[in-house]
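Let me begin by presenting the structure, written as structure tokens, before commenting on it.
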Amino acid sequence: MNSDRFIFAENLATVMRRSGVSPKELCEKASLNEAMLRKYLSGRNMPTAPMLKRIARALGVIIVPRVVG
């Protein structure tokens, strides 16, 4: 769903800002390509589950599943 991508993008940007992690730092810590990070931050793409775990670990946050129902 497109709105999920935009919600993720907003949340990712917020966590990065609050934790003081720059895009370059996040890419290095999560072994992430900068072009792909830009796609995540713009809402064009969503990370895979393994990549999401790496991003969360790099930012020092936990992933809380969203219950839909």
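Listed values, structure above:
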item: Residue list for segment 26-38, filter: assigned to a helix (DSSP H, G or I) and buried (at least 16 other Cβ atoms within 10 Å of the Cβ); result: L26, C27, A30, L37
item: Selection within segment 47-69 - surrounded by 15 or more Cβ atoms within 10 Å (Cβ to Cβ) and outside any helix (DSSP H, G or I); result: P47
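Taken together, the values in this text are just the output of simple stated rules run on the coordinates, not laboratory data. Keep in mind it's a predicted model, so treat the numbers as computed, not measured. Don't worry about glycine lacking a Cβ; one is built from the backbone with ideal geometry, like all the others, and counts go over all protein chains shown.
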